[in-house]
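Notes to accompany the following structure.
The values are calculated or read from the model by the stated rules, or taken from the named source; none is laboratory data. Computed from a predicted structure; not experimentally measured. So basically every Cβ, Gly included, is an ideal-geometry build from the backbone, and we count neighbours across all protein chains shown. When the accessible area is computed, the model is the full protein with side chains, heavy atoms only, and any ligands, DNA or RNA have been set aside. Shrake-Rupley method; radii C 1.70, N 1.55, O 1.52, S 1.80 Å.
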Amino acid sequence: MILSLLTALLVVQGAEVTASVDRTHLQVGEELMLTVRARTRSTDAVEIMLPTLNGFAIVGTRDMTEVAISGGTGGGSIRTTVRELQLRAQQPGALLIGPVRAKQGVSVVSTDPILVTVDSAADRSTVALNPLARALLETAAPPISRRTDRVALTMLVPSDSVFTGQQVDLIAAAWIPRELRERMRRAPLLTLVTPEGVWAYPAATSSGVALSRQVGGRWLDLFIAHQVVFPLAPGRLIIPPASVEYALPVTFSFFSREERYTLRSDSIAITVLPLPSPHTTNVVGERVSLDLQVDPATTRVGEPVEASVTVSGVGNVALWPEPPLSWPTGFRVYPAQTEVRIAPEAGRIAGSKTFQFLAVPDSSGNFVLPEVRYGYFDLGAGRYITATTAPRALAVAPGAEPRAARVLPPLLPSRGEVGVDRLTRQVGWEGWLAVLLVPPLIAGLARRRWRRDTAASTGPAEGGRQLTPLGQLEREFLAVLASHVSDPFARDGDGLAQALRAAGVDSAVADHVKRLRDRLRAARYGPRGLGDAAELGAEIEQVLRVLGAATAPEGRRTRPMFASVLLLGLVLHSRAAAQTPSAEALFEAGALRAAADSFAARAAREPRDAAHWYNLGATLYRAGADGKATAAWTRAARLAPRDMAIRRALRLLPAPDPLTEHLLHVGWATPAEWAVIGATGWVLLWLTVAAGARRRVVLGLLGAVALGAGVLGALEWWRRDQPLAVVIVDGASVRAAPYGGASTTATIPAGGALRVGRSYGAWREVDRADGIHGWVLGEEISGL
């Protein structure tokens, strides 16, 4: 029956800390589980500081973190950090597990200690000493003093120089004459101070005699304190002095008082050598191996896959880093937990460290997890070695939508860049300067000579109307047609293609010329206006060159034939390209990762087309990447702020907090549209002045339109000019400094907005108006 001992329930700035063991009575060599649990609602990190575990050896550790969203009026999230330690009893007696201290912010509290009763085993010294420590003690020379009332204390180390990350056994040995020991009412107390700059395992102190030796006709009993450390950096490592405390009765009476004595040893210096060049890794060990497990090997889209990488070998297992596991594109990976298992081998620290992950596939197909490579410096071989695992195959079948309960937005057709934005971008600062200065100048001149005809300043015209470049091309096009087809009824009717073929024009070119004539008429006189005039004009010029060359001498007719063949090839190529799978087809088929990549490529190629960003956001939203979808839809809304489909999509992902809603707010119009409205009001204002109108209401209204649109455009431009970013992961940790070990000051959920500042490596500095300031990884955010 497992006994549970609740040792504390303390509150530290909203944190609850408990410590317990699964049993309080065991024998030497048996194991127990020490569990420390910290629950908090605050974003401040809780640091758990373990006590010195005298009489116990750490066999394994496991760290877990759980986040639960609490309901009710309070709301918020509860973060639970659990640390489990598997302990093995090394010596008998009433062993005390000291208080566990918990630190959050500036407050530090301690739990009550836990008392564990350990029964004796058959051979205590064998359990207490590992082979390395016993060999080191047996080679150590005993003290040469012949005094029977003096205790000798020495520090023992295996070598005066070690490599960084190499195991070092520190032993404090107290030699006590047996006559003196028999007078002691309790065993001496040895204290071993952990040096700075090392990773230390808890010290083990023997309560009994570890070794006895006869020197000069008298017996000496040895008491030891043993600790294993691993130097973390090269340099000079100073081992602090050890101490031994013991008490002796003044007389032989049982009620006699005792005199206490304390003896300190000398300090020891050890030289820590750096790893040999070329320095490729900081991992030090021997016989390191990797094991990659994926369960299951076949899954469906949206169903998680459990994967684990186990690193085994001899060395400081607890400090080994995570192997670089590269997942294929289309998987969302979440670290689960890390488990350490210590299994000493002949006195050397060894064991395994398991890193567990959860991966959720977004697209179907056959994938391969590439081999995992883990480099380390082998102390036995004296060189760098790389441990590897074989690749793993993973099949992902189509499955149900991961967010089937959510409304899936439809896709939008490509629209290209908005004409107003293209116009304002092409005008440049010179054009805007002219818009600002020319109307007042014209109005000033018109006030003097307002009766004169201003048509002379509008340029050459025909029939009272200025000809556009497309109109000029139309005249040339009709003139070339007249040179090939003399009958005007054939030029205007459906028999144009047949008349061109009769005039010697290639059949494909004749059909294309007829379609081009119909498009030109529809563009010039249809209800939709000119459309894309640049594209139509370029196509007319190409056909004019082909038709013009058709009347050239016989020796030069190879070029029109080549042009017709080229034109036919382009048409066939466009039809073939239309038959290849598009991003829309991939979206409908459920290949969301491939569809998202295709839409992202379109958005990168045409970043001013709002439809590309909207479709990218719809694909990411369907795949469950809400943060990335928010960033894409915000870009689309900035390009087309009045598009109802985009606004409905943004309502599917509401802002996680009011500050994010304010930062990502998109106005009624773009800065370019406000600029055009203001420029129109400005020009109309001065044209009204030039025409001699004196109605103050009209002038005031036009002036208010120009001024208001200019102010609103400037404000919208200022808002969009701020360097903003959106969190694209489930939760981005804002750290106090740009490195992974820094404390977390806040956690921003997916879709949260941040102001972005300077960069430091892979980190970006962020801040918000609510006081959040720190650093986040650049891969966890997406800039706008």
**Study point:** Cα radius of gyration and Dmax for segment 169-293 (Å)
**Key:** 20.3, 68
Exercise for review: Evaluate E = 1/(1 + (r/R0)^6) for residue 193 and residue 373, where r is the Cβ-Cβ distance and R0 equals 30 Å; express this FRET efficiency to the nearest 0.05.
Suggested key: 0.15
**Study point:** Karplus-derived HN-Hα couplings along segment 763-770 (A = 6.51, B = -1.76, C = 1.60, θ = phi - 60°), whole Hz, x at Gly and Pro
**Key:** 9, 10, 7, 10, 7, 9, 6, 7
Study note, to complete from the structure: Each label sits 7 Å from Cα toward the beta-carbon; between residue 358 and residue 78 the label points are separated, in nm, by 1.8
Review point. What are the residues whose amide H is under 5 Å from the amide H of residue 379, where those residues sit 5 or more places off or on another chain and H is modelled from the backbone?
Key: 285
Check your understanding: Once amide H atoms are placed 1.01 Å from N in the peptide plane, what residues at a sequence separation of 5 or more from residue 345, or on another chain, have their amide H within under 5 Å of its amide H?
Key -> 350
Check your understanding: Nearest 20 debye, what's the magnitude of the dipole of segment 712-784 about its Cα centre given +1 on Lys and Arg Cβ and -1 on Asp and Glu Cβ?
Key -> 140
Review point. Tell me, what HN-Hα J-couplings in whole Hz come from the Karplus equation 6.51 cos²θ - 1.76 cosθ + 1.60 at θ = phi - 60° for each residue of segment 317-331, using x for Gly and Pro?
Key: 4, 5, 9, 5, x, 6, x, x, 9, 9, 8, x, 5, x, 10
**Study point:** Two-site FRET efficiency, residue 109 against residue 711, from Cβ-Cβ distance with R₀ of 56 Å, rounded to 0.05
**Key:** 0.50
Check your understanding: Measuring from centroid to centroid over Cα atoms, what is the spacing of segment 602-657 and segment 714-784 in Å?
Key -> 20
Point to revise | Distant-in-sequence amide H partners of residue 211 (H built 1.01 Å from N, under 5 Å) | key: 222
Revision key, fill the gap. At 25 °C in a medium of viscosity 0.890 mPa s, segment 611-728 has a Stokes-Einstein diffusion coefficient, with Rh taken as the Kirkwood radius over alpha carbon pairs, in µm² per second, of 152
Exercise for review: Could you give log10 I(q)/I(0) at q = 0.15 Å⁻¹ for segment 297-366, computed by the Debye formula over C-alpha point scatterers of equal weight, without solvent?
Suggested key: -0.57
Review point. So how far apart, in nm, are the two label points at residue 346 and residue 120 if each is 7 Å from Cα heading toward Cβ?
Key: 3.2
Revision key, fill the gap. On the formula 1/(1 + (r/R0)^6), with r taken between the Cβ atoms of residue 257 and residue 758 and R0 of 60 Å, the FRET efficiency rounded to 0.05 is 0.30
Check your understanding: With all protein chains present and a 1.4 Å probe, how do 668, 775 order by accessible area, largest first?
Key -> 668, 775
Review point. Tell me, what ³J(HN,Hα) does each residue in segment 700-715 have, in order and in whole Hz, if you take phi through Karplus 6.51 cos²θ - 1.76 cosθ + 1.60 with θ = phi - 60° and put x for Gly and Pro?
Key: x, 5, 5, x, 5, 4, 5, 5, x, 5, x, 5, 5, x, 5, 5
